[in-house]
């Protein structure tokens, strides 16, 4: 196995030397400004706590595995591809962000059923002018660090992209056009007379919906599970991540980090490129 070490800051020689001794690796290679590969690395129980305490991300990767081995990346939107929870920011336009954010957090930790949590949150938005959605997109929506680098690398290797969200089509469709994503799926807010009604149109697109959409696109593309990467941050992403050969927890809740193949706790989305370089 190769061990990939990366960080959002410079990695000191002392850190590298200590990790080399833990893994019994005699060869290391710098693969990016703050990313290194240790070849023929041996797992060690101290690696995880050492990296966590020093704000380093790590991952063991089979030798020879490259980004070009994959054919599809499936990713969550809120707090994964983008830095905000859109519904929380919409609620802020109503002066209700604390109430909605509390429900969002509970759902992300897996404490509340997602569909029920979404209905409760959307109900609080009743009467809000639909122009608030555009304001959130223009004024508050930002891509997470490294998103453009990651997407450019995926396109270079012909890897398709699927954006799935328990959030809203208003945002996923704009991101699809802006970033050249291949597929998107999300919920639709009901609007009447220019106002949000406090309801979601049709069946709520939830955790099972995300998993089903991944499987559907994977089969359409003729890919095996091991050719799919899924990335998310909340409990609502776990069923989707279980359908992929590789799962990445991005700045995620503990329940997600525990079940993912890899966890990016500190680096940006471009960490995926370094992991499989």
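The values are calculated or read from the model by the stated rules, or taken from the named source; none is laboratory data. This structure is a prediction, so every number in the text was calculated from the model and none was measured. Cβ: placed from backbone, ideal geometry, glycine included. Neighbour counts: every protein chain shown.
Things to note:
- Of all residues in the stretch 125-136, those satisfying the criterion of being surrounded by fewer than 19 Cβ atoms within 10 Å (Cβ to Cβ) and either out of contact with any strand residue (DSSP E or B) (no Cβ under 6 Å at 6 or more places or on another chain) or under 14 Å from residue 92 (Cβ atoms) (or both) are 129, 131, 132, 134, 135.
- Enumeration of residues in the stretch 1-31 that are touching a residue at least 24 places away in the same chain (Cβ under 8 Å) and not in a helix (DSSP H, G or I): 1, 2, 3, 4, 5, 6, 7, 8, 9, 10, 11, 31
- Residue match in the stretch 133-140 (condition: within 22 Å of residue 244 (Cα to Cα), outside any helix (DSSP H, G or I) and at pLDDT 95 or above): no
- The set of residues from the stretch 224-263 being out of contact with any strand residue (DSSP E or B) (no Cβ under 6 Å at 6 or more places or on another chain), surrounded by fewer than 18 Cβ atoms within 10 Å (Cβ to Cβ) and farther than 24 Å from residue 204 by Cα comprises 224, 225, 226, 227, 254, 258, 259.
- Every condition in (1) in contact with a strand residue (DSSP E or B) (Cβ under 8 Å, 6 or more places away or on another chain); (2) closer than 30 Å to residue 7 by Cα; (3) exposed (fewer than 14 other Cβ atoms within 10 Å of the Cβ) holds for residue 154 except the one numbered (3).
- Pairs where the first residue, in the stretch 42-54, is assigned by TED's automatic domain parsing to the domain that holds residue 12 and the second is surrounded by fewer than 14 Cβ atoms within 10 Å (Cβ to Cβ), C-beta under 7 Å, 6+ apart: 42/24
- Single residue of the stretch 32-41 satisfying the filter (part of a loop (DSSP other than H, G, I, E, B) and in contact (Cβ under 8 Å) with a residue 24 or more places away in the chain) that is nearest to residue 260 (Cα to Cα): 41
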